[in-house]
Amino acid sequence: MMISALKITADRIALCGLCRCITFSADNAGYVVTKAAGMIAKYLARSFATLKVVSAPRVMIICLPTSTTRSSLVGLLSRVRLLQHLREHAFARAAQRRGLGLATPFRKRFGAVRAMRCAWPAIRTLTLHVTADVDVSNGHVQLKFNNTGNAGVVFHVYDRLHLDRIPRRYTVEADKSLNDRWDTRTWDAGKYDLEVHGPNGFLRTFKGTTMVSAQAAQPEAKLAYDVRAREVVIKAHNDGKHNVKLTLVANAYRTGGAVTLNLQHGDDVEHHVSVDHSGCWYDLTVSDATSGFERRFAGRMETGRPSVTDPAMATELS
(Lines give C-alpha, C1' and ligand atoms only; values in the text may rest on other atoms or scores of the structure.)
Protein backbone atom coordinates (compact mmCIF):
# COMPACT_ATOMS: atom_id res chain seq x y z
CA MET A 1 0.00 0.00 0.00
CA MET A 2 1.32 3.40 -0.97
CA ILE A 3 0.22 6.58 0.79
CA SER A 4 0.34 9.78 -1.33
CA ALA A 5 1.44 12.65 0.89
CA LEU A 6 1.45 15.65 -1.46
CA LYS A 7 0.47 15.74 -5.12
CA ILE A 8 2.86 18.42 -6.35
CA THR A 9 4.00 17.98 -9.92
CA ALA A 10 7.63 18.46 -10.77
CA ASP A 11 6.92 20.98 -13.51
CA ARG A 12 5.61 23.28 -10.75
CA ILE A 13 8.84 22.92 -8.83
CA ALA A 14 11.66 22.17 -11.28
CA LEU A 15 9.84 22.37 -14.62
CA CYS A 16 11.11 18.95 -15.60
CA GLY A 17 7.80 17.98 -17.15
CA LEU A 18 7.41 14.76 -15.15
CA CYS A 19 4.68 14.16 -12.60
CA ARG A 20 6.22 12.87 -9.39
CA CYS A 21 4.39 12.71 -6.09
CA ILE A 22 5.77 12.31 -2.61
CA THR A 23 5.15 8.73 -1.57
CA PHE A 24 5.96 6.72 1.48
CA SER A 25 6.40 2.99 1.69
CA ALA A 26 3.77 0.94 3.50
CA ASP A 27 6.55 -0.79 5.36
CA ASN A 28 6.92 2.29 7.57
CA ALA A 29 4.77 2.74 10.62
CA GLY A 30 1.43 4.38 9.80
CA TYR A 31 1.55 7.10 12.43
CA VAL A 32 5.09 8.08 11.41
CA VAL A 33 4.05 8.44 7.76
CA THR A 34 0.95 10.45 8.63
CA LYS A 35 2.86 12.74 10.95
CA ALA A 36 5.61 13.36 8.38
CA ALA A 37 3.10 14.09 5.62
CA GLY A 38 1.21 16.50 7.84
CA MET A 39 4.37 18.34 8.83
CA ILE A 40 5.44 18.77 5.21
CA ALA A 41 1.99 19.94 4.13
CA LYS A 42 1.81 22.45 6.98
CA TYR A 43 5.32 23.71 6.22
CA LEU A 44 4.56 24.24 2.54
CA ALA A 45 1.22 25.92 3.22
CA ARG A 46 2.76 28.36 5.68
CA SER A 47 5.67 29.14 3.35
CA PHE A 48 3.42 29.75 0.36
CA ALA A 49 1.05 31.91 2.40
CA THR A 50 3.94 34.03 3.63
CA LEU A 51 5.67 34.51 0.30
CA LYS A 52 2.42 34.65 -1.73
CA VAL A 53 4.18 33.05 -4.69
CA VAL A 54 3.40 29.44 -5.47
CA SER A 55 4.52 28.89 -9.03
CA ALA A 56 8.01 30.38 -8.82
CA PRO A 57 10.69 27.66 -8.52
CA ARG A 58 12.93 29.97 -6.48
CA VAL A 59 10.31 29.93 -3.71
CA MET A 60 10.81 26.22 -3.35
CA ILE A 61 14.49 26.82 -2.79
CA ILE A 62 13.74 29.35 -0.08
CA CYS A 63 11.03 27.56 1.83
CA LEU A 64 12.11 23.92 1.63
CA PRO A 65 14.76 22.44 3.91
CA THR A 66 17.80 20.83 2.29
CA SER A 67 16.71 17.32 3.18
CA THR A 68 13.33 17.86 1.52
CA THR A 69 14.65 19.32 -1.70
CA ARG A 70 16.94 16.35 -2.07
CA SER A 71 14.03 13.90 -1.82
CA SER A 72 11.51 12.89 -4.46
CA LEU A 73 9.71 16.23 -4.02
CA VAL A 74 11.74 17.63 -6.91
CA GLY A 75 11.87 14.44 -8.89
CA LEU A 76 15.34 13.36 -9.90
CA LEU A 77 16.81 16.87 -9.57
CA SER A 78 18.94 17.57 -6.54
CA ARG A 79 19.16 21.02 -4.94
CA VAL A 80 22.41 21.82 -6.76
CA ARG A 81 21.10 20.77 -10.16
CA LEU A 82 17.87 22.68 -9.62
CA LEU A 83 19.83 25.88 -8.97
CA GLN A 84 21.92 25.20 -12.05
CA HIS A 85 18.88 24.89 -14.29
CA LEU A 86 17.32 28.03 -12.84
CA ARG A 87 20.47 29.97 -13.69
CA GLU A 88 20.40 28.55 -17.21
CA HIS A 89 16.83 29.71 -17.53
CA ALA A 90 17.77 33.23 -16.42
CA PHE A 91 20.39 33.42 -19.18
CA ALA A 92 17.87 32.07 -21.68
CA ARG A 93 15.34 34.74 -20.70
CA ALA A 94 17.98 37.46 -21.04
CA ALA A 95 18.96 36.18 -24.49
CA GLN A 96 15.33 36.01 -25.53
CA ARG A 97 14.77 39.66 -24.52
CA ARG A 98 17.78 40.68 -26.62
CA GLY A 99 16.46 38.73 -29.59
CA LEU A 100 19.40 36.34 -29.66
CA GLY A 101 17.30 33.17 -29.54
CA LEU A 102 20.13 31.12 -28.04
CA ALA A 103 19.59 27.41 -27.56
CA THR A 104 20.68 26.97 -23.95
CA PRO A 105 20.92 23.63 -22.11
CA PHE A 106 17.77 24.64 -20.24
CA ARG A 107 15.86 25.03 -23.52
CA LYS A 108 17.22 21.76 -24.89
CA ARG A 109 16.22 19.73 -21.87
CA PHE A 110 13.03 21.38 -20.66
CA GLY A 111 11.51 22.87 -23.81
CA ALA A 112 10.50 26.44 -24.61
CA VAL A 113 11.46 29.17 -22.21
CA ARG A 114 7.89 30.43 -22.19
CA ALA A 115 7.02 27.49 -19.94
CA MET A 116 8.55 29.34 -17.02
CA ARG A 117 6.39 32.26 -15.93
CA CYS A 118 7.93 33.38 -12.70
CA ALA A 119 8.63 37.12 -12.46
CA TRP A 120 12.28 37.91 -11.91
CA PRO A 121 12.81 41.10 -9.89
CA ALA A 122 13.81 44.24 -11.80
CA ILE A 123 17.04 46.04 -10.97
CA ARG A 124 16.49 49.09 -8.82
CA THR A 125 18.45 52.21 -9.63
CA LEU A 126 18.74 55.31 -7.47
CA THR A 127 19.63 58.33 -9.58
CA LEU A 128 19.40 61.27 -7.20
CA HIS A 129 20.08 64.99 -7.46
CA VAL A 130 19.81 67.81 -4.94
CA THR A 131 20.51 71.34 -6.12
CA ALA A 132 20.38 74.77 -4.46
CA ASP A 133 18.84 78.02 -5.66
CA VAL A 134 20.02 81.00 -3.60
CA ASP A 135 17.90 84.15 -3.79
CA VAL A 136 19.99 87.04 -2.47
CA SER A 137 17.07 89.47 -2.78
CA ASN A 138 15.01 87.90 0.01
CA GLY A 139 17.56 85.66 1.72
CA HIS A 140 15.89 82.36 0.80
CA VAL A 141 17.74 79.15 -0.04
CA GLN A 142 15.67 76.65 -1.95
CA LEU A 143 16.66 73.00 -2.29
CA LYS A 144 15.27 70.87 -5.07
CA PHE A 145 15.13 67.11 -4.52
CA ASN A 146 15.00 65.19 -7.79
CA ASN A 147 14.64 61.41 -8.03
CA THR A 148 15.02 60.10 -11.59
CA GLY A 149 15.46 56.49 -10.46
CA ASN A 150 12.85 53.73 -10.37
CA ALA A 151 12.47 53.47 -6.57
CA GLY A 152 11.34 55.89 -3.88
CA VAL A 153 13.89 57.43 -1.52
CA VAL A 154 14.04 59.43 1.71
CA PHE A 155 16.23 62.50 2.20
CA HIS A 156 17.27 63.91 5.59
CA VAL A 157 18.31 67.58 5.79
CA TYR A 158 20.26 68.83 8.82
CA ASP A 159 20.71 72.52 9.53
CA ARG A 160 24.24 72.56 10.89
CA LEU A 161 23.71 76.01 12.36
CA HIS A 162 20.87 74.56 14.46
CA LEU A 163 21.67 70.93 15.20
CA ASP A 164 19.29 71.06 18.15
CA ARG A 165 16.39 71.15 15.69
CA ILE A 166 14.75 68.06 14.23
CA PRO A 167 16.02 67.40 10.69
CA ARG A 168 13.61 67.84 7.83
CA ARG A 169 12.73 64.61 6.04
CA TYR A 170 11.43 64.25 2.50
CA THR A 171 10.10 61.16 0.75
CA VAL A 172 10.41 61.42 -3.03
CA GLU A 173 8.87 58.70 -5.16
CA ALA A 174 10.38 57.45 -8.39
CA ASP A 175 10.60 59.97 -11.23
CA LYS A 176 9.37 62.80 -9.01
CA SER A 177 10.79 65.95 -7.45
CA LEU A 178 9.93 68.43 -4.72
CA ASN A 179 11.24 71.71 -3.32
CA ASP A 180 11.62 73.35 0.08
CA ARG A 181 13.24 76.56 1.23
CA TRP A 182 15.01 78.07 4.22
CA ASP A 183 14.81 81.66 5.46
CA THR A 184 18.40 82.58 6.28
CA ARG A 185 18.00 86.21 7.32
CA THR A 186 15.41 85.78 10.06
CA TRP A 187 17.60 83.50 12.16
CA ASP A 188 21.18 83.52 10.91
CA ALA A 189 21.94 86.91 9.34
CA GLY A 190 22.00 85.39 5.86
CA LYS A 191 24.27 82.45 6.63
CA TYR A 192 23.28 78.86 5.80
CA ASP A 193 24.90 75.45 6.26
CA LEU A 194 22.68 72.57 5.13
CA GLU A 195 23.62 68.89 4.96
CA VAL A 196 21.54 66.43 2.92
CA HIS A 197 21.76 62.66 3.44
CA GLY A 198 20.24 60.02 1.18
CA PRO A 199 20.55 56.28 0.56
CA ASN A 200 23.71 54.49 -0.55
CA GLY A 201 26.12 57.08 0.86
CA PHE A 202 24.46 60.01 -0.91
CA LEU A 203 25.62 63.34 0.58
CA ARG A 204 25.25 66.97 -0.43
CA THR A 205 26.26 70.03 1.62
CA PHE A 206 25.39 73.65 0.90
CA LYS A 207 27.20 76.43 2.73
CA GLY A 208 27.42 80.17 2.18
CA THR A 209 25.60 83.45 2.73
CA THR A 210 22.80 85.38 1.07
CA MET A 211 24.09 88.73 2.34
CA VAL A 212 26.07 89.75 -0.74
CA SER A 213 26.08 92.96 -2.72
CA ALA A 214 24.75 93.28 -6.23
CA GLN A 215 28.30 93.67 -7.52
CA ALA A 216 29.65 90.56 -5.81
CA ALA A 217 30.13 87.15 -7.39
CA GLN A 218 27.24 84.70 -7.02
CA PRO A 219 28.62 81.27 -7.87
CA GLU A 220 26.66 78.03 -7.89
CA ALA A 221 27.73 74.45 -8.58
CA LYS A 222 25.97 71.15 -9.16
CA LEU A 223 26.94 67.62 -10.10
CA ALA A 224 25.76 65.57 -13.07
CA TYR A 225 26.42 61.97 -14.15
CA ASP A 226 27.91 60.65 -17.37
CA VAL A 227 27.30 56.94 -16.96
CA ARG A 228 28.63 55.92 -20.36
CA ALA A 229 31.99 57.63 -19.77
CA ARG A 230 32.07 56.62 -16.07
CA GLU A 231 32.48 60.26 -15.06
CA VAL A 232 30.83 62.80 -12.81
CA VAL A 233 30.58 66.33 -14.15
CA ILE A 234 30.92 69.45 -12.00
CA LYS A 235 28.92 72.29 -13.54
CA ALA A 236 29.66 75.75 -12.14
CA HIS A 237 27.94 79.05 -12.96
CA ASN A 238 28.42 82.67 -11.90
CA ASP A 239 25.33 84.90 -11.78
CA GLY A 240 27.16 87.81 -10.13
CA LYS A 241 28.92 90.72 -11.76
CA HIS A 242 32.28 89.99 -10.17
CA ASN A 243 34.70 87.29 -11.29
CA VAL A 244 35.33 84.34 -9.00
CA LYS A 245 37.82 81.49 -8.72
CA LEU A 246 36.37 78.25 -7.39
CA THR A 247 38.57 75.48 -6.04
CA LEU A 248 37.70 71.85 -6.72
CA VAL A 249 39.29 69.23 -4.46
CA ALA A 250 38.81 65.49 -4.05
CA ASN A 251 38.22 64.41 -0.46
CA ALA A 252 38.77 60.72 -1.25
CA TYR A 253 39.43 58.18 -4.04
CA ARG A 254 41.78 60.47 -5.97
CA THR A 255 45.30 61.83 -5.63
CA GLY A 256 46.68 65.07 -6.97
CA GLY A 257 46.20 68.74 -6.34
CA ALA A 258 43.21 71.04 -6.51
CA VAL A 259 41.63 72.28 -9.73
CA THR A 260 40.79 75.97 -10.21
CA LEU A 261 37.60 76.96 -12.02
CA ASN A 262 37.69 80.54 -13.29
CA LEU A 263 34.26 82.11 -13.82
CA GLN A 264 33.52 85.56 -15.12
CA HIS A 265 30.09 87.17 -15.12
CA GLY A 266 27.57 84.78 -16.70
CA ASP A 267 30.15 82.05 -17.33
CA ASP A 268 29.42 78.31 -17.25
CA VAL A 269 32.29 75.91 -16.65
CA GLU A 270 32.30 72.09 -16.65
CA HIS A 271 34.93 69.78 -15.20
CA HIS A 272 34.83 66.00 -15.72
CA VAL A 273 36.11 63.62 -13.05
CA SER A 274 36.55 59.91 -13.76
CA VAL A 275 35.08 57.51 -11.19
CA ASP A 276 35.87 54.28 -13.04
CA HIS A 277 38.81 53.40 -10.78
CA SER A 278 36.79 53.84 -7.55
CA GLY A 279 33.77 51.70 -8.36
CA CYS A 280 31.86 54.89 -9.32
CA TRP A 281 32.26 56.37 -5.83
CA TYR A 282 33.09 60.07 -5.56
CA ASP A 283 33.65 62.79 -2.92
CA LEU A 284 34.30 66.30 -4.22
CA THR A 285 34.15 69.80 -2.75
CA VAL A 286 33.80 73.08 -4.67
CA SER A 287 34.52 76.20 -2.61
CA ASP A 288 35.44 79.87 -2.59
CA ALA A 289 37.48 80.85 0.46
CA THR A 290 36.74 84.55 0.01
CA SER A 291 32.94 84.40 0.21
CA GLY A 292 32.55 81.20 2.24
CA PHE A 293 30.73 79.48 -0.64
CA GLU A 294 31.00 75.70 -0.47
CA ARG A 295 29.31 72.70 -2.10
CA ARG A 296 30.17 69.09 -1.37
CA PHE A 297 29.11 66.13 -3.51
CA ALA A 298 29.61 62.55 -2.32
CA GLY A 299 28.06 59.18 -3.09
CA ARG A 300 28.06 56.57 -5.85
CA MET A 301 26.98 56.93 -9.45
CA GLU A 302 24.36 54.31 -10.28
CA THR A 303 24.99 52.34 -13.47
CA GLY A 304 22.40 49.58 -13.14
CA ARG A 305 25.15 47.02 -12.55
CA PRO A 306 26.57 45.47 -9.37
CA SER A 307 29.37 47.46 -7.78
CA VAL A 308 31.60 47.49 -4.71
CA THR A 309 31.19 48.97 -1.26
CA ASP A 310 32.73 52.33 -0.45
CA PRO A 311 36.52 51.95 -0.92
CA ALA A 312 37.12 54.86 1.48
CA MET A 313 34.94 53.44 4.25
CA ALA A 314 36.75 53.36 7.63
CA THR A 315 40.12 54.08 6.00
CA GLU A 316 41.00 56.37 8.92
CA LEU A 317 41.06 53.29 11.16
CA SER A 318 43.83 51.58 9.21
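If you go through segment 140-175 and keep only what is hydrophobic (A, V, I, L, M, F, W, C) and within 16 Å of H129 (Cβ to Cβ), you end up with L143, F145, A151, V153, V154, F155, V157, V172, A174. Restricting attention to segment 187-203, the residues that are in contact (Cβ under 8 Å) with a residue 24 or more places away in the chain and either of a type in the set (D, E, K, R) or out of contact with any strand residue (DSSP E or B) (no Cβ under 7 Å at 6 or more places or on another chain) (or both) add up to 5.
For segment 178-194, the set of residues classified as assigned to a strand (DSSP E or B) and closer than 13 Å to Q142 by Cα consists of L178, N179, D180, R181, W182, D183, Y192, D193, L194, listed by residue number.
Total residues in segment 264-273 satisfying the condition of being open to solvent by less than 70 Å² (accessible area, probe 1.4 Å) and either among the basic types (K, R) or at pLDDT 95 or above (or both): the figure is 3. For G304, the conditions (1) open to solvent by 50 Å² or more (accessible area, probe 1.4 Å); (2) out of contact with any strand residue (DSSP E or B) (no Cβ under 7 Å at 6 or more places or on another chain); (3) among the small types (G, A, S) all hold with the exception of (1).
Cβ-Cβ contacts under 6 Å between residues 6 or more apart (or on different chains), taken from a first residue in segment 151-179 that is within 18 Å of E302 (Cα to Cα) and aromatic (F, W, Y) to a second residue that is open to solvent by less than 80 Å² (accessible area, probe 1.4 Å) and at pLDDT 95 or above, are listed as F155/F145; F155/Y170; F155/V196; F155/G198. The set of residues in segment 252-282 that are aromatic (F, W, Y) and touching a residue at least 60 places away in the same chain (Cβ under 8 Å) contains only W281. Of the residues in segment 283-290, none is surrounded by 14 or more Cβ atoms within 10 Å (Cβ to Cβ), of a type outside the set (S, T, Y), touching a residue at least 12 places away in the same chain (Cβ under 8 Å) and over 17 Å from K207 (Cα atoms). Restricting segment 132-162 to residues that are open to solvent by 50 Å² or more (accessible area, probe 1.4 Å) and at pLDDT 95 or above leaves a set whose member that is farthest from the chain's Cα centre (by Cα) is L161. For segment 247-263, the set of residues classified as touching a Pro at 6+ places or on another chain (Cβ under 9 Å) and either open to solvent by 70 Å² or more (accessible area, probe 1.4 Å) or under 20 Å from D135 (Cβ atoms) (or both) consists of L263 only.
Considering segment 184-228, and only residues there that are more than 30 Å from L126 (Cα to Cα) and hydrophobic (A, V, I, L, M, F, W, C), the residue that is surrounded by the most Cβ atoms within 10 Å (Cβ to Cβ) turns out to be A217.
Flag: N179 matches the condition of being at pLDDT 95 or above, out of contact with any helix residue (DSSP H, G or I) (no Cβ under 6 Å at 6 or more places or on another chain) and of a type in the set (S, T, N, Q).
The values are calculated or read from the model by the stated rules, or taken from the named source; none is laboratory data. Being a predicted model, the structure only gives us computed values, none of them experimental. Glycine also receives a Cβ, built like all others from the backbone with ideal geometry; neighbour counts cover every protein chain displayed. Keep in mind that these areas ignore ligands, DNA and RNA; they rest on the heavy atoms of the full protein, side chains included. Shrake-Rupley method; radii C 1.70, N 1.55, O 1.52, S 1.80 Å.
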